[in-house]
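Structure record follows, encoded as structure tokens.
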Amino acid sequence: MNHKDTVASMQTKTKNLMIEIGKINTLEVLRQSDNGLYLQSKDDSEVLLPNAYVDTATMPIGALVDVFVYTDSEDRPVAATQMPLAQLGEFGYFAVVGYKSYGAFVNWGLPKDLFVPLSQQKEYFHIGEKYILRVCLDEETGRLYGTQKIGKWLSRDMTGLHPNKEVALLVIAKTPLGYKVVADGLYEGMLFENEIFEPLQIGDKKIGYIKKVRSDFKLDISLQRIGDKNNQEPLETKIVTILGEHGGKMAYTTKSDAEQITEIFGMSKKNFKRALGALKESKRVCGDDDFIWLCK
């Protein structure tokens, strides 16, 4: 492919009207410099794409390229073809890699770590631990930062939401009722423990379905489409099936570790105990202090 063909093949993209900090931008390669390529938006604003990200074979002058724009250590806009774990306005699960008296630094997938000011922490962060954060922009300084105080960013406008609507979920917290989630990056929702048939962890991303739009501006959500019985295998059947796949006998009981039960049977220990009790009562499964097995 020659230079003209390469440029033409990339023109199906739409060039950004302006450069947006914290987001993926489609920009035109304007000129080359010793430090990299300068990219331009429709309003003639420019940003540097450092040499580390430059691929001259696919980035000739005039080509449109997708880059993430953030600010460097001197607060200057800079572009990267490397993408972050979350963009401006999105939520992510980030590991703390540094801590100072004025705030923490988390790894969000770029060379420059994301800063989380002390004022934006609901608890003291610890290096190596992970936290749910939203990526925000300080309008005065143009700097991106993370916040753990996500409540004020969640929407109370329920327009267009209805039962069985598909939503993208981020699991953000474990509660006595189940798991709290953010749906479509905008709404607070709850997955109830007795309706979860697979292992879940904070930071997991799932597809869910709205069960109920509540009057308190929150959502009840299911991981199965409402009314789709094919996706709702009874817990008792699941235990019997897994026992059958393991020779009819397994070293798991109601005293087993909760994490092991979730990993093997794909349900919480509470649901396992309830389902196993029903199976023993119906004499489909037998057991003692060390094993459970299919009754003959």
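Between helix 235-245 and the chain there is an angle of about 90 degrees, using the helix long axis and the longest principal axis of the Cα atoms.
Which part of the range 188-210 falls in the paramagnetic zone of Glu129, meaning amide N under 16 Å from the point 7 Å along Cα-to-beta-carbon? In the range 188-210, the label zone of Glu129 (backbone N under 16 Å from the point 7 Å along Cα→Cβ) covers 202-203.
Each of Gly185, Trp293, Phe105 was placed along the dipole of the chain (beta-carbon charges, centred on the mean Cα), and the one lying farthest toward the positive end is Trp293. For the pair Thr254 and Ile24, label points projected 7 Å from Cα toward Cβ lie 5.0 nm apart.
Under 5 Å between amide hydrogens, built in the peptide plane, is the criterion, and for Asn25 it picks out Val67, Phe68, Val69 among residues at least 5 positions away or on other chains.
Among rounded, prolate and oblate, which fits the range 235-294 when a ≥ b ≥ c are the square roots of the eigenvalues of its C-alpha gyration tensor, a/c under 1.5 means rounded, and a/b larger than b/c means prolate? Taking the square roots of the gyration eigenvalues as a ≥ b ≥ c, the range 235-294 is rounded.
Please give the length that would be gained between Phe192 and Ser282 if that part of the chain were fully extended, namely 0.36 nm times their separation in residues minus their C-alpha to C-alpha distance (nm, one decimal). Could you put the intermediate results ahead of the total?
On the way: separation 90, 0.36 × 90 = 32.40 nm, distance 2.63 nm.
Full extension of this stretch gives 29.8 nm more.
Whole-Hz Karplus values for the range 103-109 come out as x, 10, 10, 10, 7, 10, x Hz, taken residue by residue from phi with 6.51 cos²θ - 1.76 cosθ + 1.60 and θ = phi - 60°; glycine and proline positions read x. The magnitude of the dipole of the chain, with charges of +1 and -1 set on the Cβ of Lys/Arg and Asp/Glu and taken from the Cα centre, is near 1200 debye. Of the peptides 255-266, 15-26, the order by per-residue mean of other Cβ atoms within 10 Å, starting with the highest, comes out as 15-26, 255-266.
Let me know the shape class of the range 15-127, please: from the alpha-carbon gyration tensor, a ≥ b ≥ c as square roots of the eigenvalues, rounded when a/c is under 1.5, otherwise prolate if a/b is greater than b/c, or oblate.
Values: a/c = 2.58, a/b = 2.25, b/c = 1.15.
Here the range 15-127 falls in the prolate category.
Evaluating 6.51 cos²θ - 1.76 cosθ + 1.60 at θ = phi - 60° for every residue in the range 207-215, the Karplus couplings come out as 9, x, 9, 5, 8, 8, 9, 8, 6 Hz, glycine and proline recorded as x.
Pairs of Cα atoms nearer than 8 Å and 6+ residues apart set the relative contact order; for the chain it is 10 percent. Think of each Lys and Arg Cβ as +1 and each Asp and Glu Cβ as -1; about the Cα centre, that makes the dipole of the range 170-296 roughly 340 debye. Here the Karplus relation 6.51 cos²θ - 1.76 cosθ + 1.60, evaluated at θ = phi - 60°, turns the backbone of the range 257-267 into coupling constants of 4, 4, 5, 5, 4, 4, 5, 7, 9, x, 8 Hz, with x for every Gly and Pro. Label sites at Asp75 and Leu17, each approximated as a point 7 angstrom past Cα along Cα to Cβ, lie 2.7 nm apart. Think of it as helices only: each DSSP H run of n ≥ 4 in the chain is worth -39500 (n - 2.57), and spread over all residues that comes to -4000 deg cm²/dmol at 222 nm.
How long is the gain from His162 to Asp43 if the chain were fully straight, where each residue apart is worth 0.36 nm and the alpha carbon distance is subtracted?
Details: separation 119, 0.36 × 119 = 42.84 nm, distance 3.99 nm.
Length difference between fully extended and current span is 38.8 nm.
Taking the centroid of alpha carbons for each part, the range 214-293 and the range 40-101 are 46 Å apart.
Placing pseudo-labels 7 Å out from each Cα toward the beta carbon at Glu140 and Trp293 gives an inter-label distance of 7.2 nm.
Laboratory data are not the source of any read-out in this text; all were calculated from the coordinates shown. Just so it is clear, the model here is predicted, and its values are computed rather than measured. Please note: Cβ atoms are built from the backbone with ideal geometry, for glycine as well, and neighbour counts cover all protein chains shown.
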